[in-house]
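J.: Before we start, here is the structure in question, set down as structure tokens.
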Amino acid sequence: MAECSSHAVLDAVVGGFKESERIVSDALGAHGGTGTLLLADRGLWGLARWHRLRDQGTHLLWRIERRKARRVMDVLPDGSYLARIEANKHSKAAGTVKAPPALIRVIEYRVDGQADIVRLITSLTDHGKYPAAELAALYARRWEIELVFDEIKTHQRGRPVLRSQTPDGVRQEIYAHLIVHHATRDLLNEAARLHRSTAERTSFTRALHVVRRMVTSPSGFPPSARRRDRHLGLAEIGRSLLPRRRSRDCPRKIRSCITPYGSKAPGEPASHRRSPVVITLNHQWHDH
């Protein structure tokens, strides 16, 4: 599990294949705090987890199932509403101390006219400071974390499997990859600032080639040579910017035929370019 911001890994925790993502992800909570907004999909929902993160000052924007958070307390001018959410009385935690109820704000929207309604809950209850349309548009970009995983697992790692053959060695190798990725992303951010652009338009693979060449370069001494190489590397990274990619989407298609989604045709790209995502807020909350 990893926690990311602006395409850079901020924190990570390694677990075994028998461990639940919900349990493993709890170890990431230590990175949160005042000034942090944590996004998560509906598989991470838990009222006790919600209270634990809120107690340390972390704000939350999570997707949730439609059958939850239906006790409407107040309807807000932007179409979102305040609701009361309680612990499930039929949960497996019966017999233990249940988490207290929470007052949350619910935002519902559709993307590009699709029929499915996305339901979000957030601790940002002030609709004036945090408009529902802006929060919905922010959550719609959460898929971009997949770009981070692709950079690390496909382009940086190269090998299909890790080389270490012991648990400690695997952990060390994973964290080494994360450190290298963070350093490369830091270089991308610096190159973007120098060229007055954004990190999203710089090429990670180009930066990776520059880093690998710089590491193996014999001009490590004197230090002025290393600074010169860094300057040349930053110039190379920012020389050719990528087109704007906010409008890309990744269709839910895989190569296996045993799936509810369509299959990819031979040569079909993994992602498409389309018109900018259109967020349509759902105001028919009372029909649910």
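J.: Need the failing condition index for Arg54 against (1) more than 14 Å from Leu124 (Cα to Cα); (2) touching a residue at least 60 places away in the same chain (Cβ under 8 Å), just the number.
T.: (1)
J.: State whether one or more residues within the stretch 7-15 are in contact (Cβ under 8 Å) with a residue 24 or more places away in the chain and among the charged types (D, E, K, R). Give the derivation first.
T.: We begin by selecting, within the stretch 7-15, every residue in contact (Cβ under 8 Å) with a residue 24 or more places away in the chain; these are 7-9, 12, 14.
Restricting the remaining residues to those that are among the charged types (D, E, K, R) gives none.
So far as the stretch 7-15 goes, no, none of its residues is in contact (Cβ under 8 Å) with a residue 24 or more places away in the chain and among the charged types (D, E, K, R).
J.: If you don't mind, there's one more thing I want to ask. For the stretch 163-187, what are the residues that are of a type outside the set (Val, Ile, Thr) and touching a residue at least 60 places away in the same chain (Cβ under 8 Å)? Write out each step before concluding.
T.: Keep residues of the stretch 163-187 that are of a type outside the set (Val, Ile, Thr), which gives 163-165, 167-169, 171-173, 175-178, 181-183, 185-187.
Of everything in the stretch 163-187, those that are of a type outside the set (Val, Ile, Thr) and touching a residue at least 60 places away in the same chain (Cβ under 8 Å) turn out to be Arg171, Tyr175, Leu178, His181, His182, Arg185, Asp186.
J.: For the stretch 69-90, which residues satisfy the criterion of being of a type in the set (Lys, Arg) and in contact (Cβ under 8 Å) with a residue 40 or more places away in the chain?
T.: The first filter runs over the stretch 69-90 and keeps only residues of a type in the set (Lys, Arg), leaving 70-71, 84, 89.
Residue satisfying the conditions is Arg70 alone.
J.: Could you look through the stretch 58-74, keep only residues that are under 22 Å from the mean Cα position of the chain (by Cα) and at pLDDT below 90, and pick out the one that is surrounded by the fewest Cβ atoms within 10 Å (Cβ to Cβ)?
T.: Going residue by residue through the stretch 58-74, those that are under 22 Å from the mean Cα position of the chain (by Cα) are 58-66.
Narrowing the set further to residues that are at pLDDT below 90 leaves 64-66.
Numbers: Ile64: 19, Glu65: 9, Arg66: 13.
For the stretch 58-74, the residue satisfying everything is Glu65.
J.: State all residues of the stretch 200-216 that are loosely packed, with under 14 Cβ neighbours inside 10 Å and modelled with pLDDT of 75 or more; if no residue qualifies, say none.
T.: Going residue by residue through the stretch 200-216, those that are loosely packed, with under 14 Cβ neighbours inside 10 Å are 205, 212-213, 215-216.
Residues satisfying the conditions are Thr205, Arg212, Arg213.
Residue-by-condition table, conditions (1) aromatic (Phe, Trp, Tyr); (2) in the same structural domain as Ser80 (by TED's automatic domain parsing); (3) assigned to a loop (DSSP other than H, G, I, E, B):
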residue: Asp116; (1), (2), (3): no, yes, yes
residue: Tyr130; (1), (2), (3): yes, yes, yes
residue: Glu134; (1), (2), (3): no, yes, no
residue: Gly169; (1), (2), (3): no, no, no
residue: Thr184; (1), (2), (3): no, no, no
residue: Asn189; (1), (2), (3): no, no, no
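J.: Do you know which of the residues in the stretch 1-42 that are over 15 Å from the mean Cα position of the chain (by Cα) and on the phi > 0 side of the Ramachandran plot is modelled with the highest pLDDT?
T.: Gly35
J.: When you scan the stretch 102-133, how many residues do you find that are out of contact with any Phe, Trp or Tyr (no Cβ under 9 Å at 6 or more places or on another chain) and surrounded by 14 or more Cβ atoms within 10 Å (Cβ to Cβ)? It would help to see each step written out before you state the result.
T.: Kept after step one, since they are out of contact with any Phe, Trp or Tyr (no Cβ under 9 Å at 6 or more places or on another chain), are these residues of the stretch 102-133: 103, 110-116, 125-131.
Remaining after also requiring surrounded by 14 or more Cβ atoms within 10 Å (Cβ to Cβ): 110-111, 125, 127, 130-131.
Counting residues in the stretch 102-133 that are out of contact with any Phe, Trp or Tyr (no Cβ under 9 Å at 6 or more places or on another chain) and surrounded by 14 or more Cβ atoms within 10 Å (Cβ to Cβ) gives 6.
J.: Pick from Ser197, Ser219: which is in a loop (DSSP other than H, G, I, E, B), polar (S, T, N, Q), modelled with pLDDT under 85 and surrounded by 12 or more Cβ atoms within 10 Å (Cβ to Cβ)?
T.: Values: Ser219 fails: surrounded by 12 or more Cβ atoms within 10 Å (Cβ to Cβ).
One residue alone meets the criteria, Ser197.
J.: I would also like to ask the following. Could you grab me the full set of residues in the stretch 137-152 that are of a type outside the set (Gly, Ala, Ser), within 13 Å of Leu120 (Cα to Cα) and buried (at least 17 other Cβ atoms within 10 Å of the Cβ)?
T.: We begin by selecting, within the stretch 137-152, every residue of a type outside the set (Gly, Ala, Ser); these are 138-139, 141-152.
If we keep only those that are within 13 Å of Leu120 (Cα to Cα) as well, we get 138-139, 142.
Matches in the stretch 137-152: Tyr139 only.
J.: Based on this model, can you work out whether Glu173 counts as at pLDDT 90 or above, part of a helix (DSSP H, G or I) and touching a Leu at 6+ places or on another chain (Cβ under 6 Å)? Lay out the reasoning, then the answer.
T.: On the way: at pLDDT 90 or above: yes; part of a helix (DSSP H, G or I): yes; touching a Leu at 6+ places or on another chain (Cβ under 6 Å): yes.
When the stated conditions are applied, Glu173 passes them.
J.: Look at the stretch 20-51 and say how many of its residues are in a loop (DSSP other than H, G, I, E, B) and without any contact (Cβ under 8 Å) to a residue 60 or more places away in the chain.
T.: Restricting attention to the stretch 20-51, the residues satisfying the condition of being in a loop (DSSP other than H, G, I, E, B) are 20, 32-36, 41, 45-46.
Now restrict to residues that are without any contact (Cβ under 8 Å) to a residue 60 or more places away in the chain: 20, 32-36, 45-46.
Qualifying residue count for the region: 8.
The values are calculated or read from the model by the stated rules, or taken from the named source; none is laboratory data. Treat the numbers as computed from the prediction; the structure is a model and nothing was measured. Using ideal geometry, Cβ is built from the backbone for each residue, glycine included, and neighbour counts are taken over all protein chains shown.
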